[in-house]
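Structure first, then comments.
Derivation of every value follows stated rules applied to the coordinates shown; laboratory data play no part. Because the structure is predicted, anything quoted here is derived from the model rather than measured. Note: ideal-geometry Cβ built from the backbone for every residue, glycine included; neighbour counts use all protein chains shown.
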Amino acid sequence: MVVRRLNHAVLYVRDLAASVDFYTATLGFEIAMEIPGRAAFLRARGTANDHDLGLFSVPDGKLPHGSYVGLYHLAWEVGTLAELAAVRDRLTARNALVGASDHRVSKSLYAKDPSGIEFEVMWRVPAEAWAAETAHGSMIGPLDLDAEIARWGDRVTGAAAGSVT
């Protein structure tokens, strides 16, 4: 897999409001979307990403999926859906693939390494299509990668296209 860039990081946090305040007031992130009390998706100024940092609250001190406060996952961006399909096949062969999601603005695979550390490999929908994609309602659904390949073909996006816009 050719990693084009780190697209975003997601953290589990103890105090969502305090974390949002820290990242916005201290580092200048802007709130792209917020699920009150549960999650916030932040963007860096001038970014072309739909989010650069995701923050998920650890409810009542109970950690989801046996994880811990800190890193939930990193997302590596690939340039084409064909690359994403090749990664899917290799992850499946190693029994590492744990999920696949259509986030409308990205198509994502989730996997775990031998230590159980989760990561995401994703392809960005062309930025000019984001508004139309997000008009479909829910921002997350099951990924039909073969249907997305039929739809988008071998379109190169993001950093692989020489841009993040």
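Using a Förster distance of 22 Å, how high is the FRET efficiency between L11 and A96, based on the Cβ-Cβ distance and rounded to 0.05?
Given R0 = 22 Å and the Cβ-Cβ separation, E is 0.50.
Which FRET efficiency value, to the nearest 0.05, do you get for R38 and A127 by plugging their Cβ-Cβ distance into 1/(1 + (r/R0)^6) with R0 = 35 Å? Don't skip to the answer; put the middle values down first.
Numbers: r = 27 Å, r/R0 = 0.76.
Plugging the Cβ-Cβ distance into 1/(1 + (r/R0)^6) gives 0.85.
Compute and list, largest first, the equivalent-ellipsoid semi-axes of region 5-161 from the alpha carbon gyration tensor, each √(5λ) rounded to a whole angstrom.
26, 20, 13
Under a point-charge model restricted to the Cβ atoms of Lys and Arg (+1) and Asp and Glu (-1), what is the dipole moment magnitude of region 5-161 relative to its Cα centre, in debye to the nearest 20? Walk me through the intermediate numbers first.
Details: 15 positive and 20 negative charges, 41 e Å.
Result for region 5-161 is approximately 200 debye, rounded to the nearest 20.
So if R0 is 35 Å, what FRET efficiency would A147 and A18 give, r being the distance between their Cβ atoms, rounded to the nearest 0.05?
Details: r = 41 Å, r/R0 = 1.18.
The pair A147/A18 has a calculated efficiency of 0.25.
How do E148, E120 line up, fewest other C-beta atoms within 10 Å first? Mind showing how you got there, number by number?
Working: E148 17, E120 22.
Listing E148, E120 from fewest to most nearby Cβ atoms yields E148, E120.
Order these peptides, 102-108, 71-77, by their mean beta-carbon neighbour count within 10 angstrom, highest first.
Numbers: 102-108: 21.1, 71-77: 19.0.
Most protected by this proxy first, the peptides run 102-108, 71-77.
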